[in-house]
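A.B. asks: First, the structure itself, so that you have it in front of you.
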Amino acid sequence: MRVDVSGLTVRYGDVTAVDDMSFSLSGNKIYGLLGRNGSGKTSLMSTLAGYRRPIGSVQLDGEPVFENAGAMRNVCLVRHTPDAADKGDKVAEALNFGKAWRDTWDDTYAHELVELFKIPLRTKVGELSLGQRSALGVVIGLASRSPLTMLDESHLGMDTPTRYAFYDTLLNDFMAHPRTIIISTHLIEELASLLEEVVIIDSGRLVLQEEADVLRSRGTEVTGSASDVDEFTAGLTVLGSKSLGRTKAAMVYGTLDDSQLIRARQLGLELGPIALQDLFVHLTEPVGGKR
Ligand SMILES: Nc1ncnc2c1ncn2[C@@H]1O[C@H](COP(=O)(O)OP(=O)(O)OP(=O)(O)O)[C@@H](O)[C@H]1O
């Protein structure tokens, strides 16, 4: 499903959560929506799901989503907890709700996932542990097979092995059933290999939208003897560095030109990729104010 956002603003009283944002997603990819706390991710996704009237325009496959039941049936937004379900409902009832609401729902898959994540079907949603509630959200998101599926930090409560099982499951299911999946997360490195395209927002504004590989290629880790690394990185944008004895590794932002690559070779420096997480930190406003 294609997503077109144009001049979108979301306000809560005096607070502008999304500020005149425009972008398009061509669809059928796994997108990472990255942004610091309070940057507007949830507000943006709620608007994409048609939960609030947009100031500006939000179109899914060329149709406005707000007050458009047909378009909304093609969207599944899972937040931190499965809000589709009443907390007094049992898990099985929550799944039935998903099935009733979504034409693309795969009930057999939903029950496979419930088993995989060991979610007790007869327990009330409100009585699940945090991790089980997160897993239920993820089950609803995946089994919905919605053309636009948005997972808003929905895996946050899962422990590490469960999160890794979720990442594997997500990728396998996406490959079998390509659709537009938008995931917001603060655990960027864990998810980085799954993301095909990245949208970074900050203070309600779009910072960049880029293929994940292209974004990664914008940074380089330079490793070698501390003095050589210092010489090489003088005048470059260094995002951070770490030292071990006389060896130093510095993260450099920006593409290196041919002469810099030759110099690196002359100095015997090792050049490697940089973590998406480090680029993200650089591209968004630091804690405490402007860079
Ligand atoms: N219901 C609301 N009423 C008033 N202000 C709100 C409301 N929801 C969000 N905001 C404000 O809008 C801004 C964006 O919040 P939003 O939840 O969209 O950000 P987020 O990127 O999802 O944050 P986080 O990563 O912390 O979940 C914040 O300043 C927040 O305080």
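The values are calculated or read from the model by the stated rules, or taken from the named source; none is laboratory data. Just so you know, these numbers come straight off a predicted model, no measurement behind them. Reconstructed Cβ throughout: ideal geometry from the backbone, glycine too, with neighbour counts over all protein chains shown. Quick note on the areas: whole protein, heavy atoms, side chains included, nothing else; ligands and nucleic acids left out. Shrake-Rupley method; radii C 1.70, N 1.55, O 1.52, S 1.80 Å.
A.B. asks: Using modelled amide H (1.01 Å from N, peptide plane; none on Pro or chain starts), what sits under 5 Å from the amide H of Val78, excluding residues fewer than 5 places away?
C.D. replies: When sequence neighbours closer than 5 places are left aside, the close amide H contacts are Met150, Leu151, Asp152.
A.B. asks: Something else: Once the other residues with Cβ under 13 Å from the Cβ of Gly235 are scored (Lys, Arg +1; Asp, Glu -1), what is the net sum?
C.D. replies: -2
A.B. asks: Convert each backbone phi in region 243-248 into a coupling constant with the Karplus relation 6.51 cos²θ - 1.76 cosθ + 1.60 (shift: θ = phi - 60°), then list the ³J(HN,Hα) values in order as whole Hz, x for Gly and Pro.
C.D. replies: Going residue by residue, I get 10, 9, x, 8, 8, 10 Hz, with x marking Gly and Pro.
A.B. asks: Still on this structure, I have one more. Report in % the part of the accessible area of the chain that belongs to carbon and sulfur, leaving out ligands and nucleic acids; probe 1.4 Å.
C.D. replies: C and S atoms contribute 49 percent here.
A.B. asks: Using alpha-carbon positions, what is the distance between the centroids of region 95-119 and region 23-71, in Å?
C.D. replies: 24
A.B. asks: Next question, about the same structure. Enumerate the amide H contacts of Arg205 below 5 Å, restricted to partners 5 or more residues apart or on another chain; note that Pro and chain-start residues carry no placed amide H.
C.D. replies: Asp19
A.B. asks: Now, a different point. P(r) tail for region 179-291, what percent of Cα pairs lie past 19 Å?
C.D. replies: Considering region 179-291, 51 percent of its Cα-Cα pairs are separated by more than 19 Å.
A.B. asks: Asp103 to Leu256: extension gain in nm, 0.36 nm per residue of separation minus the Cα-Cα distance?
C.D. replies: Result: 50.1 nm gained on full extension.
A.B. asks: Could you bin all the Cα-Cα distances of the chain into 10 Å bins starting at 0 and give me the percent of pairs in each, rounded to whole numbers?
C.D. replies: Each 10 Å bin holds this share of Cα pairs: 6, 26, 29, 21, 12, 5, 1.
A.B. asks: Still on this structure, I have one more. Taking the simple approach of a point 7 Å from Cα along Cα-to-Cβ for both Thr247 and Val281, what is their distance in nm?
C.D. replies: 2.0
A.B. asks: Helix-only mean residue ellipticity at 222 nm, the chain, DSSP H runs n ≥ 4 weighted -39,500 (n - 2.57), per residue, nearest 500. What is it?
C.D. replies: Estimated from H runs of four or more residues: -9500 deg cm²/dmol.
A.B. asks: Measuring from label point to label point, each 7 Å out along Cα→Cβ, what is the Ser193 to Ser227 span in nm?
C.D. replies: For the pair Ser193/Ser227, the computed spacing is 3.9 nm.
A.B. asks: I would also like to ask the following. At 1.4 Å probe radius, can you tell me the per residue accessible area of the chain in Å²?
C.D. replies: For the chain, the solvent-accessible area averages 47 Å² per residue.
A.B. asks: Another one. Grab the Cα-Cα distance for Ala234 and Glu211, subtract it from 0.36 nm times how many residues apart they are, and report the gain in nm with one decimal.
C.D. replies: That pair, Ala234 and Glu211, stretches by 5.4 nm at full extension.
A.B. asks: Note the angle between two axes, namely the Cα long axis of helix 160-176 and the longest principal axis of the Cα atoms of the chain, as a number of degrees from 0 to 90, rounded to the nearest 10.
C.D. replies: 80
A.B. asks: Also, quick follow-up: Multiply the residue gap between Arg73 and Ile55 by 0.36 nm, knock off their C-alpha separation, and tell me the result in nm, one decimal place.
C.D. replies: That pair, Arg73 and Ile55, stretches by 4.3 nm at full extension.
A.B. asks: Another one. At a probe radius of 1.4 Å, what is the per-residue accessible area of Met175, in Å² to the nearest 10?
C.D. replies: Counting only protein heavy atoms, Met175 exposes about 120 Å² to solvent.
A.B. asks: Bins of 5 Å, beginning at zero and ending with the bin holding the largest distance: percent of Cα pairs per bin for region 1-155, please.
C.D. replies: Histogramming region 1-155 at 5 Å steps yields 2, 9, 18, 21, 18, 14, 11, 6, 1, 0 percent.
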